[in-house]
Amino acid sequence: MVDSNKWGMVVDIDRCTGCQGCVVACQSENNIPINLEEHFNQRRAIQWIRIERYWEGEYPDVKARFIPIMCQHCGSAPCEPVCPVYATYHNNEGLNVQVYNRCIGTRFCANGCPYHVRFFNFWEPEWPESLKNQLNPDVTVRSRGIMEKCSFCVQRIQRSTRESERDNEILEDGDRGLNPACVNACASNSLIFGNFNDPDSTVSKMKEDAMQEGGRGYRLMENLGTDTNVIYLRKVGESVVEAPHG
Amino acid sequence: MQEHTQLSHKQINEDLLKDVLTVPKWWLPAVSFLGLVVLTGLGAFFFMMYHGLGVTGLNRPVMWGVFIANFVFWIGISHAGIMISAILRLTQAEWRRPITRAAEVMTVFSLIAALHTPLMHVGRPWRVLYWIFPYDFSRGIWPNVRSPFVWDPSAVGTYLIASSLFVFVCLLPDIAILRDRAKKPIVKKIYAQMALGFRGTPRQWKLQILAGILLSALVLPVFVSVHSIVSWDFAVLIGVEGWHSTIFAPYFIIGAIHSGVSAVAMLMALSVWLYGLDKYIKPDHFDAIARLLIVVATTWFFFFFLEWVYALYTLAPPEIALRELQAFQWPYGPLFAIFIITSFVIPVPLWLFKRVRRSVVWMFWTTVLVNIGMWLERFLIVIPGLIRRTHMTFDWGTYHPSIVEILIVVETFAFVCLGMLLFAKVLPLIPLFDVKEGMVNRRLIKVGRRVIPATIREGLPHHYYEKKQ
């Protein structure tokens, strides 16, 4: 383990089946209110991670392509400088964190985010009575009028680092207690989480491999210079010349 | 200026104070109607605060809607005050005299109207104080000075304070006249308090004039900063194609002057019709403001054109998709056509004709058109940009304003009208002392064989005067 951490993720599009397992895991881990049909119709559904589906090719040679999109935890994030009350800022572990209590809901950050991964609580979140006891006690339940977004399950990162410090153990790469819920839930292992500052971690090796000449790696909207902490690996195969989202 | 009506001080006092000291017939119905609209809007605001912003049409990714467009519009209108009273005062444009106060008062009310909407549209309005006041004692956290949203309240606040002071300083001599003429003792007492003991001694006049000049000079930086900062609310965001543009600051400022000066012309027409002030606001004044408007509108159109050129020059697909949406797709295409036609194509060629420039009716309707167009301009900047025609087609947005949003936007318009009407009831809308000063300085001077009305501030050799009126 290295001194400072820089958490990040590698998303292998080639492995993603679009099963939405990560979405469900995220919803239950992070106390995200149930997205009903009306929320989708209003375009106000909250999904910290979502699977975007794109169609490639012309009928009948058409293929569905999936890309999971969550907060990219940009090293140079467009959302951070615009928040007037420091509700969102960059912590020293490479995470773009959201302080719910500070947020007053100007939604400036959401407009700034090119990935559209910031969500606003338009209504007071509600859960059915039967689900109230399943809320995660480690995660704040957000109220109406504030922003929220993927935190890379910061509560799990915090707990794992605390426990490893207490027991004088080395935090293992790919530890299931450390991994965000979506990574643990991914059946096809297309999400890999780890520490980019640790040269021996899986994500560092994958990144090095992917970002070299001819590698599969790319960042979303790299031209904006947001320096994201999520690396995508493009699809393998003859029919695909480019990732579907450009 | 060719026309020249010399009025006695007594007549000026009577003309300009009659609406303050008496009540016109239409006043009460108008005020109660506007009051009702304002109350409805406030009701809509409390409804929104109680239920959450879900009652608006906002969604992801269109997180700002007509509220912000309206905010930019009213900040734009507020630029009239500085333009008319500060810049024209410093450049000693004589025709400004009867218009200055109306422009300044409109500035104050439109700034308050502008402040309504962004404060209402935050998610937790009850916590807005953390944002506005630059220090949060309980938590020891400074606001984020990198955010244009921190610069906004300070710039708009400075402007509001400076304009209010300016209005008040220019009001002092007129309040003193009202104090002397009010019949009811209680009214007299209130005016006496407001006049701060102004008696018209040479020292008081000197201080009053000095304060006016100082305030108008000091407020000039705000003229540039307020709308620049408002434009940076948009321009700093790298992820929104239509917004991330370095030309935004000057483009917004010139647009603000365009709509602001047009609003002043509207106001002049209204005061001629409603208060019968045609002895003070004359075709000459409309002529002068229309000439100013031609220059402003053409400059604005040039910046608008440049903004499009810069955007399309990149040939970036999202940028082209955005421009296509803005100009050609339903419902923004028709709105765009209306915007271009009303804000430039109809009014500017019309203003080239002297008969239009000197006609109250024509000037009123052309400037109304300009303001319809300029409101749509802000709408077309804010909303299509946020609909985000990026590569990630999955996230393309749509937006329809809800009834709550529309009510609150209508409320801001009613608020400004109501404020102006109430102000005109309590204090004169045309500065008495300023008009008198203008008339005192008026001379007919002889240049060669012709006799020309002119304004003299310094004494001229005696033979220049044809006759002293």
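Every number here is computed from the coordinates shown, using simple stated rules; none is lab data. The structure presented is a predicted model; accordingly, all values stated were derived computationally and were not measured. Heads up, the Cβs are rebuilt from the backbone with ideal geometry, glycines too, and the neighbour counts pull from every protein chain shown.
At a Cα cut-off below 13 Å, give the aspartates and glutamates reachable from A:Lys207, other chains included and same-chain residues fewer than 8 away excluded.
Cα-Cα hits under 13 Å: A:Asp12, A:Asp198.
In terms of the Cα gyration tensor, with a ≥ b ≥ c the square roots of its eigenvalues, is segment B:9-467 rounded because a/c is under 1.5, prolate because a/b exceeds b/c, or oblate?
Values: a/c = 1.94, a/b = 1.50, b/c = 1.30.
Prolate, because a/c is 1.5 or more and a/b exceeds b/c.
Quick check on the protein assembly as shown: helices-only [θ] at 222 nm, where DSSP H runs of length 4 and up contribute -39,500 (n - 2.57) each and the sum goes over total residues. Nearest 500, please. Intermediate results must be reported in sequence, preceding the final value.
Numbers: 24 runs with 355 residues, N = 715.
For the protein assembly as shown, the value works out to -16000 deg cm²/dmol.
Roughly how far apart, in whole Å, are the Cα centres of segment A:155-226 and segment B:142-209?
Rounded to whole Å, the Cα centres lie 62 Å apart.
Are there any helices in chain B, counted as whole DSSP H runs, that stretch 18 Å or more along their axis by Cα and score at least -1.0 on average by Kyte-Doolittle, and if so which?
On the way: long enough: B:27-51 (36 Å, 1.62); B:66-81 (24 Å, 1.54); B:100-120 (30 Å, 1.07); B:148-181 (48 Å, 1.05); B:202-218 (24 Å, 0.74); B:220-235 (23 Å, 1.31); B:248-275 (39 Å, 1.59); B:283-313 (44 Å, 1.14); B:360-387 (40 Å, 1.63); B:403-426 (34 Å, 2.25).
Helices meeting the span and hydropathy rule in chain B are B:27-51, B:66-81, B:100-120, B:148-181, B:202-218, B:220-235, B:248-275, B:283-313, B:360-387, B:403-426.
Which residues' amide hydrogens lie under 5 Å from the amide hydrogen of A:Leu220, considering only partners 5 or more residues apart or on another chain, with H built in the peptide plane?
A:Tyr232
Search the structure for amide H atoms under 5 Å from the amide H of A:Val85, placed 1.01 Å from N in the peptide plane, and list their residues when 5 or more places away or on another chain.
For A:Val85, whose amide H was placed from the backbone, the distant partners under 5 Å are B:Asn144.
Taking 8 Å as the Cα distance limit and 6 or more residues as the minimum spacing, I'd like the relative contact order of chain A as a percentage.
Contact order relative to length: 29 percent.
How far apart, in nm, are two points set 7 Å out from the Cα along the Cα-to-Cβ line at A:Asp209 and at B:Lys425?
Once both label points are built, they end up 7.8 nm from each other.
If you take every DSSP beta bridge fully contained in the protein assembly as shown, what fraction is antiparallel? Give it as a percent rounded to 5.
Here the share of antiparallel DSSP bridges comes out near 90 percent.
Return the percentage of antiparallel bridges among DSSP beta bridges fully within chain A, rounded to the nearest 5 %.
Percent antiparallel among DSSP bridges in chain A is about 85.
Let me know the shape class of chain A, please: from the alpha-carbon gyration tensor, a ≥ b ≥ c as square roots of the eigenvalues, rounded when a/c is under 1.5, otherwise prolate if a/b is greater than b/c, or oblate.
rounded
Quick test of your reading: applying the under-4.7 Å Cβ rule, which cysteines of the protein assembly as shown are isolated?
Taking the Cβ cut-off of 4.7 Å, the unpaired cysteines of the protein assembly as shown are A:Cys16, A:Cys19, A:Cys26, A:Cys74, A:Cys83, A:Cys103, A:Cys113, A:Cys153, A:Cys186, B:Cys170, B:Cys417.
Could you compute the FRET efficiency for B:Leu196 and B:Gln6, with r as their C-beta to C-beta distance and R0 at 35 Å, rounded to 0.05?
Working from the Cβ atoms, E equals 0.65.
Evaluate the relative contact order of chain B (contact order divided by residue number), counting alpha-carbon pairs under 8 angstrom at least 6 apart; express in whole percent.
Once normalised by length, the contact order is 29 percent.
Which shape class applies to the protein assembly as shown: rounded if a/c is under 1.5, otherwise prolate when a/b exceeds b/c and oblate if not, where a ≥ b ≥ c are the square roots of the Cα gyration tensor eigenvalues?
Details: a/c = 2.67, a/b = 2.20, b/c = 1.21.
In terms of gyration-tensor shape, prolate.
What pairs in B:Lys25/B:Lys436; A:Lys6/A:Lys149; B:Lys10/B:Lys354; B:Lys18/B:Lys282 have C-alpha atoms more than 30 Å from each other?
Values: B:Lys25/B:Lys436 28 Å; A:Lys6/A:Lys149 18 Å; B:Lys10/B:Lys354 33 Å; B:Lys18/B:Lys282 19 Å.
Checking Cα-Cα distances, B:Lys10/B:Lys354 exceed 30 Å.
By how many nm would the segment from B:Ile141 to B:Ser154 lengthen if fully extended, with 0.36 nm per residue of separation less the alpha-carbon distance?
2.9 nm
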